[in-house]
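For reference, the structure is listed below as structure tokens.
Nothing in this text is a laboratory measurement; each read-out follows from the coordinates by a stated rule. Since the model is a prediction, treat every value here as computed from it, not as a measurement. Note that we place each Cβ from the backbone using ideal geometry, even for glycine, and neighbour counts take in every protein chain shown.
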Amino acid sequence: MVNQLGAGASGGSAPPPDRAEVVLAEARKALFVVVGLIAAIWVLQIVNWSSHYSFDTSYGIIPRDVVRLPDIFIAPFLHVSWSHIEANSGPLFVFGFLAAYRGVWKFVGVTVLIIITSGLAVWLFQSNSATVGASGLVFGYFGYVVARGLIDHNLIDALVAVMLALSFAYLLTVAVPGTPHVSWIDHLGGLVGGVAGGWLFRSRRGKRVRAPKDDAGKGTGKGKGAGPGSGSGTGKPGSGGGTRPLPVAADNPRADLHKELGELGL
């Protein structure tokens, strides 16, 4: 009770958290989500290995088989060998974290989109063989991070993603058509889905709000006789006309500054 009264007396609610704190909190959530995803893939690999990789045959994507179409949601989490899952885990962690740390729910949405685009690409255009593996997700996350960085003007994100991609020779070698036992169509489909996700899940910035003007250019106050100093409602301190509407959206980081300037009549 004492704290509540003290807060009310000091002018209301607590200040919003610092931007760095928000980013750090999202980074923690992203780390837990990506580590959990990779852990689940490894647990599934153990079960698949113990059954002599029967899951690959039962749930791999079979092109143009309508009955097996739902397998596009399972195949990305299966692998054909230990070397296969080891090769995917490193890039999956790096690009998965970069894709998730600016918004976990956006990460979930873009993951579903990448699974659909990469899976449909394999189902429609791949030759008649079962396809499994998370490399489509890797390429999708890479495309998402680069596209989001360019669209949202987070050029550091885009640059980091490109530099990390260059550090993984795997990303360049398996993207070439004709690589034995590798579905480059899966990678291309994932990349397309990631780029599309960068556009669909881009940041929505608040639009600037213009202050309304009357014919006399004196603001919106009309209350004559509203009290001493009401005047013509120019919005200056003591005029009784109130403050001007904010020239920016309420969620803008500089909204408080604009409010103070408006109260000063500037």
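Looking only at region 39-54, which residues are surrounded by 18 or more Cβ atoms within 10 Å (Cβ to Cβ) and either under 17 Å from the mean Cα position of the chain (by Cα) or farther than 12 Å from S81 by Cα (or both)?
I41
Could you please find all residues in region 55-72 being at negative phi, loosely packed, with under 14 Cβ neighbours inside 10 Å and either outside any loop (DSSP other than H, G, I, E, B) or among the basic types (K, R) (or both)?
T57, V66, V67, P70
Scan region 47-78 for residues that are within 22 Å of F107 (Cα to Cα) and without any contact (Cβ under 8 Å) to a residue 60 or more places away in the chain and jot them down.
Scanning region 47-78 gives P70, D71, I72, F73, I74, A75, F77, L78.
Are any of the residues in region 39-46 under 13 Å from S135 (Cα atoms) and aliphatic (A, V, I, L, M)?
Yes, some residue in region 39-46 is under 13 Å from S135 (Cα atoms) and aliphatic (A, V, I, L, M).
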